[in-house]
Amino acid sequence: MASYQVDDVVTVSMPKGPNKRGVMGIHVLFATSQEARFDGATGTVTEVNPRGPYGSPLYLVDFRGHKNRTAVPWQAHWFRGEWLKLISRPAAAGEGTDAPARSPEVSQAGTS
């Protein structure tokens, strides 16, 4: 199961399936849902509700500030984790440094 964090950049990917004519697209069970309008849109996770309805976590995705080819009907929406794909995750503070962080006790012990 996917787990996303605040500030993760994600894209909405609804389940795919054939329609009555055999053309692949959004699965017919989800084609009329509000979330289907966001298929292919990119946004940033701004809030996480770990105890959403029926025990599945929900993620609030904000689409402001992203260039989307799809017409986003409103600026933010709650999504299930199964409908999101991770694009990028921001680096945590201190991950990009070459030297490992030392605690003061370690550096003082070597000088005695």
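Taking amide H atoms as placed 1.01 Å from N in the peptide plane, the amide H of Gly52 lies under 5 Å from those of Leu58, each 5 or more residues away in sequence or on another chain. Note that segment 50-61 has calculated 3J(HN,Hα) couplings of x, 10, x, x, 6, x, 9, x, 10, 10, 8, 10 Hz, one per residue in order, obtained from phi through the Karplus relation 6.51 cos²θ - 1.76 cosθ + 1.60 (θ = phi - 60°); glycine and proline are x.
For segment 9-92, taking Cα atoms only, Rg and Dmax work out to 13.5, 47 Å respectively. Scoring 15-25, 44-54 by mean Cβ neighbours within 10 Å over their residues and listing the highest first yields 44-54, 15-25.
For the pair Asn19 and Leu86 in one chain, pulling the backbone fully straight at 0.36 nm per residue adds 21.4 nm over the alpha carbon distance. Here the Karplus curve 6.51 cos²θ - 1.76 cosθ + 1.60, taken at θ = phi - 60°, turns the phi angles of segment 39-49 into couplings of 4, x, 7, 10, x, 10, 6, 10, 7, 10, 10 Hz, with x standing for Gly and Pro.
Treating only the Cβ of Lys, Arg, Asp and Glu as charged (+1, +1, -1, -1), what charge dipole size does segment 9-92 show about its Cα centre? Round to the nearest 20 debye. Before the final figure, lay out each step's value.
On the way: 11 positive and 5 negative charges, 55 e Å.
For segment 9-92, the charge dipole is close to 260 debye.
Read-outs: derived from the displayed coordinates by stated rules, not from any lab. Treat the numbers as computed from the prediction; the structure is a model and nothing was measured. Note that we place each Cβ from the backbone using ideal geometry, even for glycine, and neighbour counts take in every protein chain shown.
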